[in-house]
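Before any comments, here is the structure.
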Amino acid sequence: EPAAGSAPPDAPSPSRASQRRGVAGSRMRGAPQEEEQASSGGPQGNLGSRVLQQAMREAKLRERVRAGMDSGHMAGDGEGAAQVSELAQGDPEDLTRKQLQWMFKEIPGQSSVTFCYLLHCKTAVAPKVHPPLDAEAFEALYNEERHKFRTDRRFDILRRRRKRRNHFQLNAGYSEPEVQFQAEEPEFQERWRVQSIAEDVWKAEYYQHLYRKAHTDIPEVEPLATRKDRLADVFAASYRKHLLDQNRPVLTHELADFENPYMMKRSALERVLSERCVRNQLDERVMPRVLDKHPDLVKLRAEAALPPEVLEPLAAFRGDTRWSFDARERLAQKLEGVSSALEAVEAWPSAADVAEALPENAPVDPNQVGGGIYHPWRNHIGFESLVPSGVAGGTKFGQPPTVLEDQARRMRYPTLQRVAHTLPADPKWRAHVVRTIRVLERSKDWDFQSKLNAVNKMKDIYDGLKPSAEYTAQLDEKLPLNRVPSHLKRKFAKDKQYVKTFPKRFLLKKSFTRYRASLTADAPMKVSQAKHNFKEPAAEGDLGPSSRETSESPSGPQTKANIT
């Protein structure tokens, strides 16, 4: 009767392939019986049995080291035996593959075919396989699983090596946890927040009535008086602005300080809707449309004052060099002019002297731009624009403008007059530079500094070129030119001699069959097949191409063949 844990007596013997591995075949066939004899104190076997005993002792030692894994992977008592019995249900080959996968992963470098078959026969690896496979079938499965394991491990290593890591994101740096203190004051509770939102709506309505009252008590002399520059209109506008600035409220939930009552009320109503009425994304998406159709907002939008983007170009086009969008600043300019005029009247009784003393008629200072730039032109440097500029955040927030930006804001029109000098002497090159200056002056997508750099570099390049006549002569010599037709030559160029003339409608045919590359096209031109098959209609009295291709020369008439 075979010992417990040994292979069954009817198990097939290993093949010759296993016998060629030295004593591996004998080890696998006699391993269970020899181990039983060694454990029972029987006679010592041959060399193979002693090797197996040493391997078994090493295996037991590794099992004791991995004591924590015995319940899940090794055969044991209690729950571990129950799990093994459950896992042992299935195909013997699949269960053997699972054993091999576990041994390749858990005992790398020691999972030889002999040692693995020993553990397989002793049912020392979960899931157990009973009866165990023969040596030849086990060796075939061993080779397959070992090849698969090595392939997966190689691809895993390549995948890890090819992965590019962003070390800037991995380096979190030093950070300290910030203590978050809970606000316990009643001003930060929900009840106070609702009351402050309602208070913002009340403030917006109060400013709305104040704005309407100011325009009712201090009306404009005539419609659109803001476009005028009379002293009475400027004084009324400045007084209204002073009253509104002194009584304008500040919203609690809004950081911006709106001078326009429309924006103040829209911000307060938007806060109410977003806090108390919006339930989902659909409500949030239709909220701006609801605000645009609100009756009070429609009226306030129609009564709103014009922004500086509208009035400043009108004043600049009118020729004003002393003007300001702010009514109070403009009133100060007018009072200063009146004071200068009264002082001139006291000093010089003549009207010419008084007119020269006015600030508007002061002589032009060549250094009016500043920075050592000679700029003697009149009516070029105007008032400073009040259009909001700059950024509302980032590293550039709060930085003062550069010298060039400050100069550009004080120009009536940011022309390129400062670089329109020392132009190239050649007429064609000079025309190119002048054309570039005119185009860049009207370009809105370029900043002023880039325009100046472009013109200066263009002038430097043209100063180093040869005269345009040399380039024109070489191009006329090398490039083929389209000659005029015969009927136009006889009418407009009788004294000109051409080697070849073209038939009628040749330009039409050429436009159909030839493709001219465009500088801006991103796809080739599509020409229909009908245009490719275009043929000229035969003209009456057509003498053929030979007669039209004949031209007069000093040596007499020549044909196309002779000329060639």
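What residue, among those in the range 216-229 that are assigned to a helix (DSSP H, G or I) and touching a residue at least 60 places away in the same chain (Cβ under 8 Å), is nearest to Phe317 (Cα to Cα)?
Arg227
For the list (1) among the aliphatic types (A, V, I, L, M); (2) in a loop (DSSP other than H, G, I, E, B); (3) at pLDDT 90 or above; (4) surrounded by fewer than 16 Cβ atoms within 10 Å (Cβ to Cβ), I need the number of the one condition that Leu423 fails.
(4)
Under the condition of being without any contact (Cβ under 8 Å) to a residue 24 or more places away in the chain and either β-branched (Val, Ile, Thr) or in a helix (DSSP H, G or I) (or both), which residue from the range 442-463 is most open to solvent (accessible area, probe 1.4 Å)?
Going through the qualifying residues, I end up with Lys457.
Please enumerate the residues belonging to the range 308-319 that are under 30 Å from Leu243 (Cα atoms) and in contact (Cβ under 8 Å) with a residue 60 or more places away in the chain.
Those that are under 30 Å from Leu243 (Cα atoms) and in contact (Cβ under 8 Å) with a residue 60 or more places away in the chain: Pro308, Glu309, Leu311, Glu312, Leu314, Ala315, Ala316.
Might you let me know whether the range 341-358 holds any residue that is on the phi > 0 side of the Ramachandran plot, at pLDDT below 85 and of a type in the set (Gly, Ala, Ser)?
The answer is no; no qualifying residue exists.
Go through the range 366-397 and report how many residues are surrounded by 10 or more Cβ atoms within 10 Å (Cβ to Cβ) and modelled with pLDDT of 80 or more.
Summing the residues that are surrounded by 10 or more Cβ atoms within 10 Å (Cβ to Cβ) and modelled with pLDDT of 80 or more in the range 366-397 gives 9.
For a quick check of your reading of the model, give me the residue pairs whose first member lies in the range 148-167 and is under 26 Å from Lys98 (Cβ atoms) and touching a residue at least 12 places away in the same chain (Cβ under 8 Å), whose second is open to solvent by 70 Å² or more (accessible area, probe 1.4 Å) and assigned to a helix (DSSP H, G or I), with beta-carbon atoms closer than 9 Å and at least 6 apart or on different chains.
Correct list of pairs: Phe149/Gln101; Phe149/Lys105.
Right, Leu416: open to solvent by less than 70 Å² (accessible area, probe 1.4 Å), touching a Lys or Arg at 6+ places or on another chain (Cβ under 7 Å) and farther than 25 Å from Phe317 by Cβ or not?
no
What is the residue count in the range 179-192 for residues that are open to solvent by 60 Å² or more (accessible area, probe 1.4 Å) and either of a type in the set (A, V, I, L, M) or in contact (Cβ under 8 Å) with a residue 40 or more places away in the chain (or both)?
The first filter runs over the range 179-192 and keeps only residues open to solvent by 60 Å² or more (accessible area, probe 1.4 Å), leaving 179-182, 184-192.
When the remaining residues are screened for being either of a type in the set (A, V, I, L, M) or in contact (Cβ under 8 Å) with a residue 40 or more places away in the chain (or both), the result is 179.
Summing the residues that are open to solvent by 60 Å² or more (accessible area, probe 1.4 Å) and either of a type in the set (A, V, I, L, M) or in contact (Cβ under 8 Å) with a residue 40 or more places away in the chain (or both) in the range 179-192 gives 1.
Just one of Ala198, Ala214 is open to solvent by less than 90 Å² (accessible area, probe 1.4 Å), closer than 14 Å to Val250 by Cα, aliphatic (A, V, I, L, M) and over 39 Å from the mean Cα position of the chain (by Cα); which is it? Steps first, answer last, please.
Numbers: Ala214 fails: closer than 14 Å to Val250 by Cα.
Only one candidate passes the filter, namely Ala198.
If I filter the range 288-300 for residues that are under 22 Å from Arg212 (Cα atoms), of a type outside the set (Phe, Trp, Tyr) and assigned to a loop (DSSP other than H, G, I, E, B), do I get at least one hit?
For the range 288-300, residues under 22 Å from Arg212 (Cα atoms), of a type outside the set (Phe, Trp, Tyr) and assigned to a loop (DSSP other than H, G, I, E, B): present.
Restricting to helices (runs of 4 or more DSSP H) lying wholly in the range 68-185: which have 2 or more residues that are modelled with pLDDT under 80, over 47 Å from the mean Cα position of the chain (by Cα) and of a type in the set (Asp, Glu)?
The qualifying helices (runs of 4 or more DSSP H) are 79-87.
I'd like to check something: does the range 473-492 contain any residue that is open to solvent by 60 Å² or more (accessible area, probe 1.4 Å), among the hydrophobic types (A, V, I, L, M, F, W, C) and more than 30 Å from Arg505 (Cα to Cα)?
Checked the range 473-492: no residue is open to solvent by 60 Å² or more (accessible area, probe 1.4 Å), among the hydrophobic types (A, V, I, L, M, F, W, C) and more than 30 Å from Arg505 (Cα to Cα).
Does Val439 satisfy the condition of being of a type outside the set (S, T, N, Q) and either in contact with a Ser or Thr (Cβ under 6 Å, 6 or more places away or on another chain) or surrounded by 14 or more Cβ atoms within 10 Å (Cβ to Cβ) (or both)?
In short, no.
Checking the conditions here, which among Asp320, Asp257, Asp283 is modelled with pLDDT under 95 and open to solvent by 50 Å² or more (accessible area, probe 1.4 Å)?
The match here is Asp257.
So that you can scan it fast, the table gives a plain yes or no per residue for (1) in a helix (DSSP H, G or I); (2) under 28 Å from Gln208 (Cβ atoms); (3) in contact (Cβ under 8 Å) with a residue 60 or more places away in the chain:
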site: Ala302; (1), (2), (3): yes, yes, no
site: Thr321; (1), (2), (3): no, no, yes
site: Leu335; (1), (2), (3): yes, no, no
site: Ala341; (1), (2), (3): yes, no, no
site: Asp353; (1), (2), (3): yes, no, no
site: Pro366; (1), (2), (3): no, no, no
site: Phe383; (1), (2), (3): no, no, yes
site: Ser389; (1), (2), (3): no, no, no
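The values are calculated or read from the model by the stated rules, or taken from the named source; none is laboratory data. None of the values given here were measured: they were computed from a predicted structure. Reconstructed Cβ throughout: ideal geometry from the backbone, glycine too, with neighbour counts over all protein chains shown. Accessible surface areas use protein heavy atoms only, side chains included; no ligands, DNA or RNA. Shrake-Rupley method; radii C 1.70, N 1.55, O 1.52, S 1.80 Å.
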